[in-house]
1. When the range 58-96 is examined, which residues are found to be touching a strand residue (DSSP E or B) at 6+ places or on another chain (Cβ under 7 Å) and of a type in the set (Asp, Glu)?
2. What are the residues in the range 87-129 that are open to solvent by 80 Å² or more (accessible area, probe 1.4 Å) and touching a residue at least 12 places away in the same chain (Cβ under 8 Å), if any?
3. Hey, can you tell me all the residues within the range 160-195 that are among the hydrophobic types (A, V, I, L, M, F, W, C), crowded, with 16+ Cβ neighbours inside 10 Å, farther than 20 Å from residue 129 by Cα and touching a residue at least 60 places away in the same chain (Cβ under 8 Å)?
4. If you scan the range 100-139, which residues turn out to be farther than 21 Å from residue 203 by Cα and assigned to a loop (DSSP other than H, G, I, E, B)?
5. Among the residues of the range 143-150, is there at least one that is at pLDDT 95 or above and either under 17 Å from the mean Cα position of the chain (by Cα) or polar (S, T, N, Q) (or both)?
6. I'm trying to understand the selection: among the residues of the range 168-199, which are modelled with pLDDT of 95 or more, assigned to a loop (DSSP other than H, G, I, E, B) and charged (D, E, K, R)?
7. Taking into account only those residues within the range 59-99 that are under 30 Å from residue 207 (Cβ atoms), β-branched (Val, Ile, Thr) and assigned to a loop (DSSP other than H, G, I, E, B), which is nearest to the chain's Cα centre (by Cα)?
8. Give me the helices (runs of 4 or more DSSP H) completely within the range 224-266, filtered to those with at least 2 residues that are out of contact with any helix residue (DSSP H, G or I) (no Cβ under 6 Å at 6 or more places or on another chain) and closer than 14 Å to residue 167 by Cα, ordered by residue number.
Amino acid sequence: MPTKKPAAAKKTVVKKVIAVKKTAPAKKITTAKKTTNTKDEGGLPLSVVIRRRIEAQKARFHANDNISAFIEPGELEGLVDEVAEKMQAVLESLVIDTENDHNTQNTSRRVAKMYVQEVFNGRYVVQPTLTKFPNVSRLNELMIIGPITVRSACSHHLCPIMGRIWIGVLPSKESALIGLSKYSRLTEWVMCRPQIQEEAVVELADMLEKKIKPIGVAVVMDADHFCMQWRGVKDRDSKMINSVMRGAFLKDSNLRREFLALIDRK
């Protein structure tokens, strides 16, 4: 009788289970970008809101006008944001790949800040305070301030206007006097707008006449226009020189000659 084979020992397989502690995924750290609302509660762009305020007062808002009275605190930052959005659209329409071109990735915002906070700043901020002093010594001799370096922009092409200004003042014994630096501050405020040179010097002369009330005021501006040098005829040597003479400078040819002769030496 055959011998019965003993049953093979049952192979026991022990599975080693390793418990892995599940950890929550690390939170992505993002830097919050501070943004300002570019629209009001009704969804209108901030520029439209400001424009409607101006139109409600039947005021003018040409390129060379100051509109600071219609801008509320904090709105300039919102205006920068809105201009940046629209400038981005301009770059895209010029077929510039701002996503992959490292040189233009933030150009739209840089340009927006440049226009609102620097180049056209004279449109959006109030006139600088001009501290006036009484003419105690009763000065009534010719004063010349300059050359004051000026930077503006042509309102036709938004190209730079770079030049110099000389200011002549003949005070009366009753005239107010202003600090020397104030001439530069007022000049910069007037020039930081898109405009044409002929109107800019007239506006500056008007303001000086109103503030100081002198016997006479004269303004001469000599400037390079990049709308001629950079484009168009591309004439690098042409300059524009124009002058405004008021009061004694207009009536007294000797005073006018003295002023022009003295600035010619500069």
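1. Hit for the range 58-96 is 82, nothing else.
2. 113, 117, 118, 126
3. Hits for the range 160-195 are 161, 166, 170.
4. Hits for the range 100-139 are 100, 101, 102, 103, 104, 105, 106, 135, 136, 137, 138, 139.
5. Yes.
6. 193
7. Here the residue is 67.
8. 253-264
The values are calculated or read from the model by the stated rules, or taken from the named source; none is laboratory data. The model shown is predicted, which means the values in this text are computed figures rather than measured ones. So basically every Cβ, Gly included, is an ideal-geometry build from the backbone, and we count neighbours across all protein chains shown. These area figures cover heavy atoms from the full protein model, side chains too; ligands, DNA and RNA do not enter into them. Shrake-Rupley method; radii C 1.70, N 1.55, O 1.52, S 1.80 Å.
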